[in-house]
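Below is one structure, written out as structure tokens; comments come after it.
The values are calculated or read from the model by the stated rules, or taken from the named source; none is laboratory data. The structure displayed is predicted, hence computed values, not measured ones. Neighbour counts are summed over all protein chains in view; Cβ atoms, including those assigned to glycine, are modelled from backbone coordinates with ideal geometry. Please note that ligands, DNA and RNA were not included when accessible areas were found on the heavy atoms of the full protein model with its side chains. Shrake-Rupley method; radii C 1.70, N 1.55, O 1.52, S 1.80 Å.
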Amino acid sequence: MSYNSFGHIFRVTTWGESHGPAIGCVVDGVPSKLAITEAEIQHDLDKRKPGQNRFTTQRQEADLVKILSGTFEGMTTGTPISLMIENTDQRSKDYGDIKDKFRPGHADYTYMEKYGIRDYRGGGRSSARETACRVAAGAIARKVLGVGIQVKAALIQIGEHKINRDNWDWDEVNNNPFWCPDKDMVPVWEKYLDGIRKKGSSIGAIIEVHGIGVPAGIGAPIYAKLDSDLAAAMMTINAVKGVEIGEGFNAARLTGEENADEMYIDEDGQAAIRTNHAGGILGGISSGKEIICRFAVKPTSSILTPRKTVDINGKETEIITKGRHDPCVGIRAVPIGEAMMACVLADHILLHRAQQG
């Protein structure tokens with residue numbers, strides 16, 4: 001299996017499977033003399049780990065990270081940073097009844113068609129368990145970005161229930177289990193997801209990620225567009241089926257006058273942009289405005305409702321997926337989206353320095 005790495009200068013390679021002994025990653029291209037500790041990486045991992053509330057999978061993983069290389073006395077050395085997270089709560093027996101069946105909506109069938117073999121225990125390499133590695137890498141990427149650049153994300157829609165953007169409050173995001181910036185929507189989602197969970201079903205969601213403080217000039221106009229790399233990064237997250245930057249698909253409804261981000265000279269005599277329909281990126285290059293990216297996550301395919309499928313012997317059959325699954329994977333995708341944007345921004349900033357100094 002190839003293509004387990006992403007990034008150019010800041011390059012991340014992940015390894016491991018859902019029910020193997022451990023998962024991990026190697027982060028290369030990190031500048032030397034950046035202060036980093038396991039506790040700082042753990043802070044980000046704790047936001048993603050399962051079993052924290054009734055709205056996520058009840059798999060109990062501490063997700064304790066170990067730094068195996070690339071640091072000395074709390075500082076990066078410029079060499080590859082290797083991180084490992086042990087798996088401690090696998091229940092492979094939960095998948096015994098479906099080991100010969102393809103789960104509709106999962107990668108079971110396509111993996112078998114490509115490789116002729118698959119790890120049926122939680123999906124193996126295709127499991128969202130792998131995303132813990134990305135969150136760990138994202139914590140290192142934040143160090144590269146420095147204190148001047150922030151990456152924040154929030155859940156803005158579950159099913160048909162959208163937040164009221166007039167109520168957006170970043171301080172509320174860490175006060176509820178949904179990473180929701182609209183406190184009035186929290187009880188609505190709680191009641192709605194309790195019903196979804198009790199039925200053994202699932203629902204999709206939309207996550208919005210912001211890059212704050214990114215200077216103008218980051219990216220490239222053709223094959224290394226900042227928005228194309230961001231879109232590719234978000235699409236690699238499990239269950240993601242759509243990505244948009246700025247107005248995204250809504251731009252198709254706007255006129256040229258409505259969509260144009262007019263410019264002016266600010267009080268410091270500098271060129272500035274008044275609105276941000278473009279989501280902080282123009283021609284593949286950052287404009288200095290907030291970078292705004294949204295991605296849509298499909299409903300979890302592992303549900304208790306019987307579904308028609310086929311087995312490895314070519315027979316039609318029926319399947320019920322038991323075990324511990326998220327009724328809405330969008331909740332735990334919030335810190336993953338943050339991590340992927342942080343990694344892309346870190347990579348592009350290092351690329352910019354390499355070309356422009």
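Descriptive notes on the structure:
- Criterion (among the small types (Gly, Ala, Ser), surrounded by 11 or more Cβ atoms within 10 Å (Cβ to Cβ), closer than 22 Å to residue 222 by Cα and in contact with an Asp or Glu (Cβ under 9 Å, 6 or more places away or on another chain)) met by exactly one of 260, 251: 251
- Against the list (1) open to solvent by 50 Å² or more (accessible area, probe 1.4 Å); (2) farther than 30 Å from residue 198 by Cβ, the condition residue 307 fails is (2).
- Pairs with Cβ under 8 Å, 6+ apart, first in segment 150-177 and within 14 Å of residue 190 (Cα to Cα), second assigned to a loop (DSSP other than H, G, I, E, B) and open to solvent by 60 Å² or more (accessible area, probe 1.4 Å): 175/183; 176/183; 177/52
- Among strands (runs of 3 or more DSSP E) entirely within segment 224-284, having at least 1 residues that are within 23 Å of the chain's Cα centre (by Cα) singles out 240-245.
- Of the listed requirements (1) part of a loop (DSSP other than H, G, I, E, B); (2) modelled with pLDDT of 95 or more, residue 314 misses just one: (2).
- Looking across segment 297-352 at every residue that is among the small types (Gly, Ala, Ser) and more than 13 Å from the chain's Cα centre (by Cα), the one that is farthest from residue 160 (Cα to Cα) is identified as 314.
- Output for segment 263-277, where each listed residue is open to solvent by 30 Å² or more (accessible area, probe 1.4 Å) and small (Gly, Ala, Ser): 269, 271
- Filter pass, residue 288 being outside any loop (DSSP other than H, G, I, E, B) and open to solvent by less than 50 Å² (accessible area, probe 1.4 Å): no
- For segment 123-135, a residue qualifies if it is surrounded by fewer than 24 Cβ atoms within 10 Å (Cβ to Cβ) and assigned to a loop (DSSP other than H, G, I, E, B), and exactly one does: 127.
- Considering each residue of segment 187-196 in turn, at least one proves to be touching a Ser or Thr at 6+ places or on another chain (Cβ under 8 Å) and over 30 Å from residue 26 (Cα atoms).
- Residue, farthest from residue 299 (Cα to Cα), within segment 178-211, restricted to residues that are in contact with a helix residue (DSSP H, G or I) (Cβ under 8 Å, 6 or more places away or on another chain), among the hydrophobic types (A, V, I, L, M, F, W, C) and touching a residue at least 60 places away in the same chain (Cβ under 8 Å): 209
- Residue in segment 317-355 that is nearest to residue 135 (Cα to Cα), counting only those that are in a helix (DSSP H, G or I) and open to solvent by 40 Å² or more (accessible area, probe 1.4 Å): 351
- Segment 208-239, residues that are touching a Lys or Arg at 6+ places or on another chain (Cβ under 9 Å), among the β-branched types (Val, Ile, Thr) and more than 24 Å from residue 168 (Cβ to Cβ): 236
A quick yes/no check of all residues on (1) over 30 Å from residue 147 (Cβ atoms); (2) touching a residue at least 24 places away in the same chain (Cβ under 8 Å); (3) out of contact with any Pro (no Cβ under 8 Å at 6 or more places or on another chain):
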| site | (1), (2), (3) |
| --- | --- |
| 213 | no, yes, yes |
| 220 | no, yes, yes |
| 234 | no, yes, yes |
| 241 | yes, yes, yes |
| 248 | no, yes, yes |
| 260 | yes, no, yes |
| 275 | no, no, yes |
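- Given (1) small (Gly, Ala, Ser); (2) over 21 Å from the mean Cα position of the chain (by Cα); (3) part of a loop (DSSP other than H, G, I, E, B), index of the condition residue 195 fails: (3)
- Residue list for segment 138-188, restricted to those being in contact with a Gly (Cβ under 6 Å, 6 or more places away or on another chain) and in a loop (DSSP other than H, G, I, E, B): 148, 149
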